[in-house]
Amino acid sequence: MKIIPVIDLLGGQVVHAVKGQRALYQPLKSTLCSGCEPVAVANALLRHTRSETLYIADLDALTENKPQTQLIHTLRTELPGVELWLDSGYPPSVKACPGLRPVIGSESLDSDTWKRLQSSPVKSWILSLDFFNGAPKGYAGVQAQAEGWPDHVIVMSLDNVGSFNGPDWLQLENMLTRKPPHCSIIAAGGVRHHADISRLSQMGISAVLAASALHAGIELAAL
């Protein structure tokens with residue numbers, strides 16, 4: 001079980017994501033660092049978790065189709081040796097390359113784009129199955145076509161993000177039963193404390209995306 005820290009980028013700064021209500025996100029306040037400058041926040045999270053992976057949500061790209069290309073380039077330059085998982089919508093604003101892997105969320109997909117992804121000979125991207133209030137966002141057919149999933153699949157419960165209400169246990173159990181053998185499932189949204197980490201690990205979850213609990217000073221240890 002790995003802890004993968006998350007930064008949400010909006011207008012060039014890191015914001016605090018809460019329950020998927022993106023229009024209400026405010027600049028980050030953290031116990032780990034001062035300010036909301038992306039490189040400083042990223043370094044603080046990576047030091048705290050000892051992670052070699054950082055998840056980035058480019059909210060400008062996701063909400064306004066205005067990818068923060070220069071900022072992503074800066075993060076790649078300033079974080080050598082760290083693999084960046086970048087969610088910037090579909091098509092990704094940056095192609096897969098050493099040190100960077102696109103995350104493609106179901107909220108950005110329809111049946112045609114999913115078919116195009118399936119025709120790719122190499123699945124170097126990461127799939128995020130996005131849910132809000134228990135319902136799938138975007139193309140729901142992705143869930144029924146698990147044979148086309150890549151090696152890493154995130155179960156993203158957006159309304160649980162930053163809520164401290166705990167992970168969406170039922171949704172995670174459901175996706176674990178559907179996944180093909182080659183897939184690992186990654187939990188995202190609602191993790192509160194180490195007991196959640198232990199339970200997720202026992203379920204067979206390979207990693208968890210975390211931000212709010214880390215910034216609140218809660219210790220989350222990899223297992």
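List of remarks:
- Scope the range 50-79; condition in a helix (DSSP H, G or I) and out of contact with any Leu (no Cβ under 7 Å at 6 or more places or on another chain); matching residues: A61, L62, T63, E64, T69, Q70, H73, T74, T77, E78
- In the range 131-159, the residues that are closer than 15 Å to L172 by Cβ and without any contact (Cβ under 8 Å) to a residue 60 or more places away in the chain form Cβ pairs under 9 Å with partners that are outside any strand (DSSP E or B) and acidic (D, E), at six or more places apart or across chains, as follows: F131/D159; F131/D168; G134/D159; G134/D168; P136/E107; V155/D168; M156/E107; S157/D168.
- Pick from the range 3-27, criterion modelled with pLDDT of 95 or more and of a type in the set (A, V, I, L, M, F, W, C), ranking: surrounded by the fewest Cβ atoms within 10 Å (Cβ to Cβ): V15
- Every listed requirement among (1) under 12 Å from the mean Cα position of the chain (by Cα); (2) among the basic types (K, R); (3) part of a helix (DSSP H, G or I) is met by R47 save one, (1).
- Whichever residue in the range 90-117 is among the small types (G, A, S) and closer than 21 Å to G138 by Cα and, among such residues, is modelled with the lowest pLDDT: S93
- Of the listed requirements (1) surrounded by 20 or more Cβ atoms within 10 Å (Cβ to Cβ); (2) outside any loop (DSSP other than H, G, I, E, B); (3) among the small types (G, A, S), G162 misses just one: (2).
- With respect to the stated conditions, G35 fails to be in contact (Cβ under 8 Å) with a residue 24 or more places away in the chain and either surrounded by 20 or more Cβ atoms within 10 Å (Cβ to Cβ) or out of contact with any His (no Cβ under 8 Å at 6 or more places or on another chain) (or both).
- Exclusive hit being assigned to a helix (DSSP H, G or I), among the hydrophobic types (A, V, I, L, M, F, W, C), in contact (Cβ under 8 Å) with a residue 12 or more places away in the chain and farther than 23 Å from G105 by Cα, set L200, L214: L214
- As a summary of the residue check, S119 satisfies the conditions (1) farther than 22 Å from A61 by Cα; (2) in contact (Cβ under 8 Å) with a residue 12 or more places away in the chain; (3) surrounded by fewer than 21 Cβ atoms within 10 Å (Cβ to Cβ); (4) out of contact with any helix residue (DSSP H, G or I) (no Cβ under 6 Å at 6 or more places or on another chain) except for the one numbered (2).
- Of the listed requirements (1) polar (S, T, N, Q); (2) outside any helix (DSSP H, G or I); (3) modelled with pLDDT of 95 or more; (4) more than 14 Å from the chain's Cα centre (by Cα), S120 misses just one: (3).
- With respect to the conditions (1) closer than 25 Å to L220 by Cα; (2) touching a helix residue (DSSP H, G or I) at 6+ places or on another chain (Cβ under 8 Å); (3) of a type in the set (V, I, T), V103 lacks only one, and its number is (2).
- Flag for Q143 being in contact with a Pro (Cβ under 8 Å, 6 or more places away or on another chain) and either basic (K, R) or surrounded by fewer than 20 Cβ atoms within 10 Å (Cβ to Cβ) (or both): yes
- Checking every residue in the range 74-89 against the condition of being touching a Phe, Trp or Tyr at 6+ places or on another chain (Cβ under 9 Å), at pLDDT 90 or above and either among the hydroxyl-bearing types (S, T, Y) or loosely packed, with under 13 Cβ neighbours inside 10 Å (or both) gives zero matches.
- When we screen A96, A57 for residues that are within 24 Å of P150 (Cα to Cα), free of Cβ contacts under 8 Å to residues at least 60 places away in the same chain, touching a strand residue (DSSP E or B) at 6+ places or on another chain (Cβ under 9 Å) and crowded, with 19+ Cβ neighbours inside 10 Å, the only hit is A57.
The values are calculated or read from the model by the stated rules, or taken from the named source; none is laboratory data. Quantities reported herein were computed from a predicted structural model and do not represent experimental measurements. Don't worry about glycine lacking a Cβ; one is built from the backbone with ideal geometry, like all the others, and counts go over all protein chains shown.
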